[in-house]
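A short write-up of the structure that comes next.
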Amino acid sequence: MTLHDKFPAYGGSGSRILGLGIGLGSVATVLVALRVYVRIRITRFGTTALAWSLAAWTITVTAQVFGILATFHGAGNDISIVEATHGLHGFLLYSWLTVFFFSLALPLGKVAVAAFLLEICAQVGPKVRSSLLAIASINIITSIPILFIVWFQCSPVNALWDPRRQGQCDYRVSVYYTYVVGSIAALTDFYLAIIPIIILKPLHITTRRKAGLCFLMGCGVFAGIAAILRTYAARLTLTNNKQTIH
């Protein structure tokens, strides 16, 4: 029995989504495992940052599992096929579960980076430390409403994953809040990508090593760009919902 036979709604771009998700998840898992190895066998530095990283990784894996299930139930496939194979219920349920856990994982990842920078910036001024603490706090605080907003967009709650009752859902609060969180996430990513230049400058390490670390941490710029695109794409939820209602 093939995967398509077991999950009739699976297809379209689903295989690419599945492959990309598993591939990126595997890379992240290897990197986290290496970070744990370094902490246990090489240095005791970075314990707090590692704890946040493990929390972010755990929740991300959970989100990835639900994302895979959403793909099996039609994510990436033509909506007409998903409807014809009765996959909308599973698609909606697992998609929203993916959104929920992924939204929680994102701020934890940013807090992990901020915690790591805090642990190495003993030689910089209090303003930098205060800014990193503020960023970590803001990302945690702004993620709390997600615990409630996602599940109270519809009345009753189970209408969220019932394709016949989407007219009982109001996604406006969720989308508008996504604009706020997405803006904060983008600014955070850009800041965390740039601030290492200031933090690493006074450290007594080779210029080559400083450049390498700045490059690696500067890759957060791509996360900032992704946050902007993700925030812009959130408006499609409102557009699709209007089409469904009408």
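The values are calculated or read from the model by the stated rules, or taken from the named source; none is laboratory data. Predicted model only: the values in this text are computed from it and were never measured. Cβ coordinates were reconstructed from backbone atoms using ideal geometry, including for glycine residues, and neighbour counts include every protein chain displayed.
Brief remarks follow.
- Subset of the stretch 56-76 [surrounded by fewer than 17 Cβ atoms within 10 Å (Cβ to Cβ) and within 13 Å of the chain's Cα centre (by Cα)]: 58, 61
Yes or no, residue by residue, for (1) free of Cβ contacts under 8 Å to residues at least 40 places away in the same chain; (2) in a helix (DSSP H, G or I):
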residue: 10; (1), (2): no, no
residue: 30; (1), (2): yes, yes
residue: 64; (1), (2): no, yes
residue: 70; (1), (2): yes, yes
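- Breaking point among (1) surrounded by fewer than 13 Cβ atoms within 10 Å (Cβ to Cβ); (2) within 29 Å of residue 115 (Cα to Cα), for residue 182: (1)
The rows are residues; the columns are (1) out of contact with any His (no Cβ under 6 Å at 6 or more places or on another chain); (2) crowded, with 19+ Cβ neighbours inside 10 Å; (3) modelled with pLDDT of 90 or more.
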{"site": "35", "(1), (2), (3)": "yes, no, no"}
{"site": "39", "(1), (2), (3)": "yes, no, no"}
{"site": "54", "(1), (2), (3)": "yes, no, yes"}
{"site": "80", "(1), (2), (3)": "yes, no, no"}
{"site": "91", "(1), (2), (3)": "no, yes, yes"}
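- Qualifying residue in the stretch 101-117 (condition: part of a helix (DSSP H, G or I), at pLDDT below 90, surrounded by 18 or more Cβ atoms within 10 Å (Cβ to Cβ) and of a type in the set (D, E, K, R)): yes
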